[in-house]
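Enquirer: Sharing a structure below in structure tokens format, with a few things to ask.
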Amino acid sequence: MHWQTLGNTPFLPPLYWRAALKRKITGSTLPEQGLRCRVSVNPRDVAAYRKVCGFIDSPMLPPTYPHILAFGLQMKLLTDPRFPFPLLGLVHLNNRIRIHRPMGSVSDLSVGVHAQNLLPHAKGATFDLVTTVEDSLGPLWEAESRMLCRGVKLEGETMAGTHAIPAQVSELARWSAPADIGRRYARVSGDYNPIHLSALSAKLFGFPQAIAHGLWNKARTLAALAEHLPAANLEIAVEFKKPVRLPGDVVLFASAAGSSGDLCLKGAGDIEHMVGQWRPISP
């Protein structure tokens, strides 16, 4: 892996323009390139994120917040001319985060992103977008987001889904996803994908309504689960199923057993939006 260290977090507007212009698949191999950058945590930005995602005030960073710190690097990586797949149209299939140590009193961090693990899929190909966060003591947080690019043709067997629907769960919380939550989350995350912003912009990409960001669904779920989750040595993995159409109402089902648990987010008609689990990090 060749690593490029940036002096500043990337400026997003040119990257949005680059994403809008690239619509074709230009290859079938991932570049051996990673990006790194130092970032500072802004308490006001964290507070705005907490408000949008439902987290209470705490000395700890929300477990999903490092995604926000890494978003600019991810955009730069995925819109690089050497990256073979167009950013618009990528489907976020699942997400796994690992919190190695408590994320309290965090201010200056090193963030790295790269792509790996290109595999055939029944609808195209998948790859993992990997994000790592370190502080002065070493690895602090990491994430893998599996992305699907439709239309890519690779040799080999296709991979099945990673999570079964939990059997022993009961209702823990319910909430509404308002019509404007995509725009509100975009303002705190930087993710202005048109499918999340309005019904009009979503229809341009084949969606009858705007849909909630998958990572907002995960963040809102972890906010509801906060009292059940350890502060560290924690792995939280979810699989995104049917999108949450906006506006919409959802119900969180969960089961907790010590430091482990299972979750399922459902909508009207028992539709499954997201399933997952939390566990101690495997040695």
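The values are calculated or read from the model by the stated rules, or taken from the named source; none is laboratory data. Predicted model only: the values in this text are computed from it and were never measured. Note that each Cβ is placed from the backbone with ideal geometry, even for glycine, and that neighbours are counted across all protein chains shown. Surface areas here come from the heavy atoms of the whole protein model, side chains and all, with no ligands, DNA or RNA. Shrake-Rupley method; radii C 1.70, N 1.55, O 1.52, S 1.80 Å.
Enquirer: Heavy atoms only, probe 1.4 Å: what % of the accessible area of segment 214-272 goes to carbon and sulfur, would you let me know?
Expert: Percent of accessible area from carbon and sulfur atoms in segment 214-272: 48.
Enquirer: Also, I was wondering about something else. Give me the percent of the accessible area of segment 1-106 that comes from carbon and sulfur atoms, probe 1.4 Å, all protein chains in place.
Expert: 56 percent
Enquirer: What nm value, rounded to one decimal, do you get for the distance between ARG183 and LEU229 when each label is placed 7 Å out toward the C-beta?
Expert: 2.8 nm
Enquirer: Right, something else. Could you please tell me the mean projected area of the C-alpha convex hull for segment 171-268, averaged over all directions and given in square nanometres to one decimal?
Expert: 6.6 nm²
Enquirer: While we're on this one: Full-extension gain between PHE207 and LEU6, please, as 0.36 nm times their residue separation minus the C-alpha to C-alpha distance.
Expert: 68.7 nm
Enquirer: Taking only C-alpha pairs under 8 Å that are 6+ residues apart, what is the relative contact order of the chain in percent?
Expert: Once normalised by length, the contact order is 18 percent.
Enquirer: Above 24 Å lies some portion of the pair distances; for segment 116-218, what is it as a whole percent of all C-alpha pairs?
Expert: 49 percent
Enquirer: Averaged over all directions, how much area does the convex hull of the C-alpha atoms of the chain cover when projected, in nm²?
Expert: 14.7 nm²
Enquirer: Okay, moving on. Based on the mean of other beta carbon atoms within 10 Å per residue, what is the order of 237-244, 43-50, 275-282, most packed first?
Expert: Descending packing order for the listed peptides: 237-244, 275-282, 43-50.
Enquirer: Just the number please: accessible area per residue for segment 195-254, 1.4 Å probe, all protein chains included, in Å².
Expert: Dividing the accessible area of segment 195-254 by its residue count gives 41 Å².
Enquirer: Hey, another quick one. By how many nm would the segment from LEU200 to GLN116 grow when fully extended, if each residue of separation counts as 0.36 nm and the alpha-carbon distance is taken off?
Expert: Full-extension gain reported as 26.8 nm.
Enquirer: Defining a contact as two alpha carbons under 8 Å apart and six or more residues distant in sequence, what relative contact order in percent does segment 33-177 show?
Expert: So the answer I get is 25 percent.
Enquirer: Would you mind putting 208-219, 263-274 in packing order, based on average other-beta-carbon counts within 10 Å, highest first?
Expert: 208-219, 263-274
Enquirer: Solvent-accessible area per residue for segment 51-185 at a 1.4 Å probe radius, Å²?
Expert: 46 Å²
Enquirer: How do the peptides 175-183, 7-15, 223-231 rank, highest first, by the average count of neighbouring beta carbon atoms within 10 Å per residue?
Expert: Ranked by mean Cβ neighbours within 10 Å, highest first: 175-183, 223-231, 7-15.
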